[in-house]
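Okay, structure first, notes after.
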Amino acid sequence: MNESLFSLRGRRALVTGGAGPLGSVLADALAGQGCDVIISDVNAGACNDAAAAIADRHGVNAIGIASDLLSSEGTTRLVESVDGPLDVLVNNAAFTGTSGVPGYAVPFEEQSDEAFELASSLNLRAPFSLARQLAPKLAQSPGGSIINVSSIYGIVGPNMGLYEGTRMGNPAAYGATKGGVVQLTRYLSTVLAPKVRVNAFAPGGIARGQADSFTERYEKLTPLGRMATEDDFRGVVVWLASDASRYVTGQTIAVDGGWSAW
Ligand SMILES: NC(=O)c1ccc[n+]([C@@H]2O[C@H](COP(=O)([O-])OP(=O)(O)OC[C@H]3O[C@@H](n4cnc5c(N)ncnc54)[C@H](O)[C@@H]3O)[C@@H](O)[C@H]2O)c1
């Protein structure tokens, strides 16, 4: 394989939720291929720290832009703050199963409409809005690429038995919005073609100190026999951002150790 196909030198990426545990690794992976990065997250200090660490490590240009993507105003403010060109948009920010939103990761009967709406706004409306507003800029790039972060729960339903005896939950709004991201990806891929490619990847569960009982059950149901680490997603984000995937659009790549294969 020609290594230059994976090069992102001269390109610039915006990563939302870029100061978080997965977002910062995705930004780091892109920067490792020479990509300049904009780290966006709610906390200004965390954005700037993550950007400074990446600039130090890879010698690329990296900046932080604080933004709260829960509202349309916050999303538009982020778009207006992106000065200069943009080649890659990574929609990573989301409420996950462990976000402490009241009425969200609780038993089904207790899940609230308000929490569903909040998750819809951050997990689905924000990627839509950023893609719509940044598409003209991305279309100017020689390799415009949008990468949406979905989840296995956007492609299969939850197995609630996994969580028995733990404090963990799997909210309806999570799967519904992550499934929405898969369909949004298909939609955008056709309306933004041929100038901008749009793909998603669907991570499997990432090991983050979950209860042993959960981890054991999860691993038994995973063909590759383990939970993910953040580093498992470096390859897919570089591939989807770069010319190595130049004939791929509208797809959701499951990166889940085979979780969704059976
Ligand atoms: N952790 C997993 O096991 C897992 C599995 C499948 C998919 N994913 C997906 O991967 C992505 C990252 O997940 P993670 O586990 O690192 O999540 P996380 O909650 O640890 O981090 C998400 C980031 O989004 C940011 N964020 C939260 N609210 C925001 C707001 N209002 N505006 C802007 N940014 C905001 C957070 O500050 C954080 O940095 C998500 O899209 C998630 O759905 C995660």
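Any read-out appearing in this document is the output of simple, stated calculations on the displayed coordinates, not a laboratory observation. All figures in this text were calculated on a predicted structure; none of them were measured in a lab. Cβ: placed from backbone, ideal geometry, glycine included. Neighbour counts: every protein chain shown.
Observations
- Global geometry of segment 111-242, whether rounded, prolate or oblate, following the gyration tensor of its Cα atoms and the 1.5 cut on a/c: oblate
- Normalised radius of gyration (Cα atoms, divided by 2.2 N^0.38 Å) for the chain: 0.97.
- Once the Cα-Cα distance is subtracted from the 0.36 nm per residue extended length, the Leu224 to Asn61 segment shows a gain of 55.0 nm.
- Ranked list, fewest to most other Cβ atoms within 10 Å of each Cβ, for Asp212, Asp41: Asp212, Asp41
- Net charge dipole, the chain: roughly 840 debye, given to the nearest 20, about the Cα centre with Cβ charges of +1 for Lys and Arg and -1 for Asp and Glu.
- Separation between Cα centres of segment 1-31 and segment 140-179, rounded to whole Å: 21
- Leading residue at positive end of dipole, the chain (Cβ point charges), from Gly157, Tyr218, Leu134: Leu134
- Cα long-axis angle, helix 172-191 against the chain (0 to 90 degrees, to the nearest 10): 30
- Cβ crowding within 10 Å, taken as a proxy for footprinting-reagent exposure, orders Ser40, Ser121 from fewest neighbours to most as Ser121, Ser40.
- Panel order for Phe214, Phe233, Phe201, by other beta carbons found within 10 Å of each beta carbon, from fewest to most: Phe214, Phe233, Phe201.
- With contacts taken as Cα pairs under 8 Å at a separation of at least 6 residues, segment 9-91 carries a relative contact order of 32 percent.
- Take every Cα pair under 8 Å whose residues are at least 6 apart in sequence, average their separation, divide by the length of the chain, and the relative contact order is 19 percent.
- Relative contact order (%) - segment 67-206, alpha-carbon pairs under 8 angstrom, separation at least six: 30
- Taking Cα atoms only, the orientation of helix 72-81 departs from the longest principal axis of the chain by about 30 degrees.
- Positive-end ranking of Ala50, Gly209, Ser99 along the dipole of the chain, with charges on Cβ about the Cα centre, is headed by Ala50.
- Residue-averaged 222 nm ellipticity for the chain, from DSSP H runs of 4+ at -39500 (n - 2.57), nearest 500: -11500 deg cm²/dmol
- Segment 1-72: radius of gyration and largest Cα-Cα distance (Dmax), Å: 12.2, 43
- Between helix 44-58 and the chain: long-axis angle, C-alpha atoms, 0 to 90°, nearest 10: 60
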